[in-house]
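Reading through the structure tokens given below for one structure.
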Amino acid sequence: MDNKTYIPDEFIDDVASYIPAHLTMDDFIASCRKGLRRAIRVNTLKMSQQEFEHQAAQLHWHIEPIPWCEHGYWLTRPDEEEKNLPIGNTALHLSGCIYVQEASSMLPPMALATSLAPGDKVLDMAAAPGSKTSQLAALMDNQGILVANELSSSRLKTLAATLKRMGVANCALSHFDGQVFGDYMYESFDHILLDAPCSGEGTVRKDPDALKNWSLTSNQDIAEVQKTLIHSAFMALKPGGTLVYSTCTLTPLENQQICTHLLDTFAGDVEIMSLHELFPEANKAATEQGYLHVWPQIYDSEGFFIAKFRKTGSVVNSQQKKKKGQFPFSPCAKKDLQAFETSIKKQFGITALPGQLMSRDKELWLFPQSMETLQEKIKYSRIGIKVATTHKNGVKLEHEFATCLGHLAISNTFALNASQAKAYFQGQDIRLDSAGPAQGEVVLTLCGAPVGLGKWQKAKIKNKLPRDLVLNGQLITWV
Ligand code: SAM
């Protein structure tokens, strides 16, 4: 019970005016003051669910499946480990095999996933820090195209770092107000997730100060932004496509009323896709309309709201716009392509890569397949992954080549043990008991997942972890 949680009286009065009849205010307030269970999601781009369950058992981690997300678990670690080692410094986390994500926040991608097909183009309109983007990428199995947009520059950096750690390769990042998509990317996406900026009323269990600046006026102001974003999202959706709208707040002003705004504005071209059967017991949170209004006391989670719509017909947009300026990438020159292909075949036995190799100056990038249909519509901060840089004697492979494609290597891989991994993430070279092959590069793995590159050097592996990713402090070993 956290009595420091700030819950203003006006907020309580407001909630009392719309809480459903089958729930009580006493239960609601008690849940708001209760700590949150830790939840994690297995990143299936890096580790199978089965392997995670095996490793969790070896670590004496207690895991309980989250009913709405096949790869999600509530997690309790042994007391001593919990006290001594932050979850972010565990091997499973550093290797990108797991992601700490609140259980209810796993719902929006799951709602979208029931409509996903191979090769789909998906937009995540308000994406940082990337919990749902990385979940979507895993659900898409790194195939198709995932455009992840974020307005805040600092949060965009966090988003990029999340996607690198999680081995996401099918993503293009952009840095715009989500309002632009309807005009610049009119009817371009098969699915859109709008996990909207909101007043965050559902997050008090994680942040006792979440309601410090709460006011009805601020809810109303945010609702206006949400209306412009959902309008833009609907315009950017292809006819037949699906839109998931979600928030981590409870007020109908930012939830049901935004949905009503969409339904009224595009009457005849939009229909609700009911979520009441999304998972067993979804009906406990389902509203009459088919939305999920997740109150914290229902599943002992954060508060959330999720709605899903299908666009049934094309809608006119007379404001369509075209990007100006040159596209800075071109298909990779034959000579560079050959040098790169020879290098990865010789060193790692990799003969085919998913996607298209493009170049910008000396950089080689691997774009998601079919990116040409979207690449010139807006300016991206980055597209796909940077795999190598060319120089006069050949190519230099990049960190992301290893984290995103290292699982394809059939030779020159090296599994780090706990103390070697600690050295690696602290930027040190890795000492070996005996000399390695003495030349060329090596994909380093941790928990079976690729984490980066090293270079064989007699009795050590030279550390090639980018300096900005070097960690300080306690890592991996906790006793
Ligand atoms: N989907 C994210 C995740 O699961 O990790 C959380 C998104 S958070 C609820 C909303 C995000 O929208 C914030 O990162 C915020 O910076 C961003 N944002 C705020 N206004 C925006 C706008 N007009 N267009 C796009 N993004 C916006």
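The values are calculated or read from the model by the stated rules, or taken from the named source; none is laboratory data. Treat the numbers as computed from the prediction; the structure is a model and nothing was measured. Using ideal geometry, Cβ is built from the backbone for each residue, glycine included, and neighbour counts are taken over all protein chains shown. Heads up: the accessible areas ignore ligands, DNA and RNA and are worked out on the full protein's heavy atoms, side chains in. Shrake-Rupley method; radii C 1.70, N 1.55, O 1.52, S 1.80 Å.
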- Using alpha-carbon positions, what is the distance between the centroids of region 23-95 and region 393-454, in Å? 28
- Sort K345, K46 by accessible area with a 1.4 Å probe, largest first. K345, K46
- Which of V225, V42, T342 sits farthest toward the positive end of the charge dipole of the chain, with +1 on the Cβ of Lys and Arg and -1 on the Cβ of Asp and Glu? T342
- Message: Using the Cα centre of region 234-326 as origin and beta-carbon charges of +1 (Lys, Arg) and -1 (Asp, Glu), tell me which of L243, F305, M273 is placed farthest towards the positive end of the dipole.
- Response: L243
- Message: Cut-off under 17 Å on the C-alpha distance; same-chain residues fewer than 8 positions from K362 excluded. Which aspartates and glutamates are left, in chain and number order?
- Response: D336, E341, E398, E400
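Using a cut-off of 12 Å between beta-carbons, work out the net charge of the residues near Q289 (Lys and Arg +1, Asp and Glu -1, Q289 not included).
Neighbour charge sum, excluding Q289 itself: -1.
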- Message: Quick check on region 86-172: take the gyration tensor over C-alpha atoms, sort the square-rooted eigenvalues as a ≥ b ≥ c, and tell me if it's rounded (a/c under 1.5), prolate or oblate.
- Response: prolate
- Item | Estimated [θ] at 222 nm from DSSP helical runs (n ≥ 4, -39500 (n - 2.57)) normalised by residues in the chain, nearest 500 | -8000 deg cm²/dmol
- If you find the alpha carbon centre of region 101-130 and of region 456-479, how far apart are they in angstrom? 33
- Query: Arranged from highest to lowest average of other beta-carbon atoms within 10 Å per residue, in what order do the peptides 285-294, 214-223 appear?
  - Reply: 285-294, 214-223
- Net dipole in debye of the chain [+1 Lys, Arg Cβ; -1 Asp, Glu Cβ; about Cα centre; nearest 20]: 2780
- Once the dipole of region 383-434 is set up with Lys and Arg at +1 and Asp and Glu at -1 on Cβ about the Cα centre, which of H407, S419, L397 lies farthest towards its positive end? L397
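In whole percent, how big is the carbon plus sulfur part of the accessible area of region 339-457, probe 1.4 Å, protein atoms only?
47
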- Message: Explain nothing, just the number: relative contact order of the chain, from Cα pairs under 8 Å at least 6 residues apart, as a whole percent.
- Response: 15
- Task: Sort the chain into rounded, prolate or oblate with this rule: let a ≥ b ≥ c be the square roots of the eigenvalues of the Cα gyration tensor; rounded if a/c is under 1.5, and if a/c is not under 1.5, prolate when a/b is larger than b/c, oblate otherwise.
- Result: oblate
- Query: Can you list the aspartates and glutamates whose alpha carbon sits under 12 Å from that of K34, skipping same-chain ones fewer than 8 residues off?
  - Reply: D2, D207, D300, E302
- At R0 = 41 Å, FRET efficiency that the Cβ-Cβ distance of A333 and A435 yields, to 0.05: 0.65
- Query: What accessible area per residue, rounded to a whole number of Å², is obtained for region 154-286 using a probe radius of 1.4 Å?
  - Reply: 37
- Task: Step through the table entries K308/K379; K121/K392; K157/K455; K164/K464; K121/K308, compare each Cα-Cα distance with 26 Å, and write down the pairs that go over it.
- Result: K308/K379; K121/K392; K157/K455
- How much length is gained on full extension from S318 to T389, taking 0.36 nm per residue of separation minus their Cα-Cα distance? 21.3 nm
- Cβ-Cβ cut-off under 14 Å around A148, Lys and Arg +1, Asp and Glu -1: the net charge is +3
- Query: How large is ³J(HN,Hα), in whole Hz, for each residue of region 104-113 in order, when computed from phi with the Karplus curve 6.51 cos²θ - 1.76 cosθ + 1.60 and θ = phi - 60°, using x for Gly and Pro?
  - Reply: 5, 6, 7, 5, x, x, 5, 5, 6, 4
- Message: Per residue, how much accessible surface does region 306-425 expose to a 1.4 Å probe? Answer in Å², no decimals.
- Response: 53
- Note on the structure: Within the under-9-Å Cβ sphere about T251, not counting T251, Lys/Arg +1 and Asp/Glu -1 give a net charge of -3
